[in-house]
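Below: the structure, in structure tokens.
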Amino acid sequence: IKSSRKPFFCFPLTLSQLLCYVCSHSQKHSKGQNLMDMVCEHLNLLEKDYFGLTFADSDTQKNWLDPSKEIKKQMRNCPWHFAFAVKFYPPDPSQLTEDITRYYLCLQLRDDMLSGRLPCSFVTHALLGSYTVQAELGDYDQDDHGSDYVSDFRFAPNQTRELEERVMELHRNYKGMTPAEAEINFLENAKKLSMYGVDLHHAKDSEGIDIMLGVCANGLLIYRDRLRINRFAWPKILKISYKRSNFYIKIRPGEYEQFESTIGFKLPNHRAAKRLWKVCIEHHTFFRLVSPEPPPKGFLVMGSKFRYSGRTQAQTRQASALIDRPAPHFERSTSKRYLLSRSLDGGESQSGALVHVHGCSTFIQGRESVGSPLTITAESVTSATTTQVTKTVKGGYSETRIEKRIIITGDDDVDQHQALAMAIQEAKQQHPDMLVTKAVVIRETESPTEELQQRAEVCVFDCSSHNRCVQQ
């Protein structure tokens, strides 16, 4: 996978301790589905049709990576930064087959709540927060947790001490509840929220008044001043179209109406109108059809040939019913807490794609080789290592983070993959009781305009260890 020649920023872990990984040998013409499959394989996720990868275009607008198209054609002028996110929110999360799928859905919803995309009342924030604590910490224990053990959790955009006390009060009543049960209870309450799974788009109505168009599993919603003023269910919509920056829906006549009606909305620009149209097509196909419609063929086809190419919800449920494997083991820990972290600014040239998984940055590594890279040996390269250790204690947990920066310099091209492998191996040998949670390879050059005389590979990775403090 070839990245754009733009500065690379590696964002810190904040929500989950998913292990980050490096994938090599990506093909030059890789499609979006190839990258999505690599991410889901790393996350051990089989029910992957509900998820997708997003990226920001040149106007900083969110776009979904099309799995059927080549990545490089979708990222012409954009940095290769992707976010793994829920694309289709299941109306009934209890029908998901595996706990790990529900866990990733919970992570997305917690992020939605913190960002304000999923507004909640004080009571709902407290209830969902208490299930989060139960899923991550288990039963309340006075000796382990003490009297103030949720202050480093993040439950709401404007979190208060009153909310934290209510969360602890509810959490102490969940004795015996397993993490999986806590997440099921979390989802059963979250799915009832009015903005659950609603993808909002800015628009104006026929009178030029600012509104928001929301796309969800049930249809198209219209909001004004944060209040829903209209709803068009998918069965009521006959046709969806766009022209320039205008978006249109053709409505089926009502019980006492004779003719169809068309309602138009003004989007900020042509790209926004097309983006909304594609989101509507995908949601309608996924939730309403048994199987996706094939794209039109031929040279005389009018309009866009775009069609949703993935599996529908009906097909996904059939495939999920055939899953036959032991329940995958995974850790639930440190989601959206106030942890000490920092951003790292890389060099001006790098090869790869950054995938952000609910707070975890995964660097998908690839390159186009113009020659055989030189194998790292003591004779051909020199290296220097700097180490920084940070220890913090919060909420009854002691966390140790070790950041190691290894600079490998050579006169010829250095094999990035081997450099990273050697660095990770060294980290594991030096700290066998710790976990490597982030690994990044950055290529730096002496001169961006002249022929490269020297290449330096900077491998930055974090090791972290969480130990529960035993209060004496």
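The values are calculated or read from the model by the stated rules, or taken from the named source; none is laboratory data. Computed from a predicted model, the values in this text were never measured in an experiment. Ideal geometry is used to build each Cβ from the backbone, glycine not excepted, and the neighbour counts take in all protein chains shown. Only protein heavy atoms, including side chains, enter the accessible area calculation; ligands, DNA and RNA are left aside. Shrake-Rupley method; radii C 1.70, N 1.55, O 1.52, S 1.80 Å.
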Can you tell me which residues in segment 186-216 are open to solvent by 50 Å² or more (accessible area, probe 1.4 Å) and either within 24 Å of E331 (Cα to Cα) or part of a helix (DSSP H, G or I) (or both)?
-> E188, K191
Name, by its number, the condition in (1) surrounded by 15 or more Cβ atoms within 10 Å (Cβ to Cβ); (2) more than 24 Å from the chain's Cα centre (by Cα); (3) not aromatic (F, W, Y) that does not hold for N246.
-> (1)
Would you mind finding the one in P67, P93 that is modelled with pLDDT of 95 or more, within 30 Å of I323 (Cα to Cα) and not acidic (D, E)?
-> P93
Pick out, from segment 83-164, the helices (runs of 4 or more DSSP H) lying fully within it that include 3 or more residues that are touching an Asp or Glu at 6+ places or on another chain (Cβ under 6 Å).
-> 99-115
List the number of the failed condition for S147; all other conditions in (1) open to solvent by 20 Å² or more (accessible area, probe 1.4 Å); (2) of a type in the set (S, T, N, Q); (3) closer than 29 Å to S94 by Cα hold.
-> (3)
Being among the hydrophobic types (A, V, I, L, M, F, W, C) and not in a helix (DSSP H, G or I) is the filter; apply it to segment 259-286 and report the residue that is surrounded by the fewest Cβ atoms within 10 Å (Cβ to Cβ).
-> F259
What pairs can you find where one residue is in segment 108-119 and more than 12 Å from S194 (Cα to Cα), the other is open to solvent by less than 30 Å² (accessible area, probe 1.4 Å) and in a helix (DSSP H, G or I), and their Cβ atoms are less than 6 Å apart, with a gap of 6+ or different chains?
-> L109/A190
Return the residue satisfying two criteria in turn: it lies in segment 50-65 and is part of a loop (DSSP other than H, G, I, E, B) and in contact (Cβ under 8 Å) with a residue 60 or more places away in the chain, and of such residues it is nearest to H81 (Cα to Cα).
-> D57
Answer yes or no: is there a residue in segment 79-90 that is of a type outside the set (K, R), at negative phi and surrounded by fewer than 16 Cβ atoms within 10 Å (Cβ to Cβ).
-> no
